[in-house]
1. Name the single residue that is farthest from residue 14 (Cα to Cα) among those in the stretch 37-69 being of a type outside the set (Val, Ile, Thr), part of a helix (DSSP H, G or I) and modelled with pLDDT of 75 or more.
2. Where residues in the stretch 9-36 are free of Cβ contacts under 8 Å to residues at least 24 places away in the same chain, part of a loop (DSSP other than H, G, I, E, B) and among the aliphatic types (A, V, I, L, M), which of them is farthest from residue 47 (Cα to Cα)?
3. Can you list the strands (runs of 3 or more DSSP E) lying wholly within the stretch 77-118 that have 2 or more residues being loosely packed, with under 15 Cβ neighbours inside 10 Å?
4. Against the conditions (1) among the hydroxyl-bearing types (Ser, Thr, Tyr); (2) modelled with pLDDT of 85 or more; (3) under 32 Å from the mean Cα position of the chain (by Cα); (4) over 17 Å from residue 113 (Cα atoms), where does residue 25 fall short? Just the number, please.
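The values are calculated or read from the model by the stated rules, or taken from the named source; none is laboratory data. Computed from a prediction, not measured in an experiment: that's the story for all the values here. Every residue, glycine among them, receives a Cβ derived from its backbone with ideal geometry; neighbour counts consider all protein chains shown.
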Amino acid sequence: MPRTPHFSSDINFCSECGAILPLPSDAASVTCNVCSFKIDVSAFDGLEIHSKVVFNAPKAKLATEWEEQYSGPLIDRKCAKCNHDGMIYSTRQTRSADEGQTVFYTCPKCRFQEQEYS
């Protein structure tokens with residue numbers, strides 16, 4: 001005797017346990033991967049499935065990440081790579097608390113990075 005469903009749900013979900021059903025294939029029925037409840041494949045006749053994939057624009061994302069990571073005050077320091085006057089700096093405590101901070105310099109023109117331990 002076939003089982004009767006516990007509750008009424010959308011055709012994309014198992015009416016026995018509520019899990020998402022796999023897409024219909026060439027088989028005669030669609031079987032739930034969680035509880036093995038079977039639905040006749042004819043129940044999916046006329047059902048259209050639409051999907052959309054959205055990709056992020058990598059250049060815009062990289063520019064935003066770079067601006068967030070390397071925004072900060074400018075200091076009068078010449079870049080060792082491109083000789084640009086002015087570098088962005090930030091400080092971090094990378095060693096133990098009784099030692100000085102590490103200063104990170106980044107050239108806004110060529111993105112060359114230097115660090116100085118004080």
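1. My answer is 42.
2. 34
3. Of the strands (runs of 3 or more DSSP E) lying wholly inside the stretch 77-118, those with at least 2 residues that are loosely packed, with under 15 Cβ neighbours inside 10 Å span 85-92, 113-117.
4. Exception for residue 25: condition (2).
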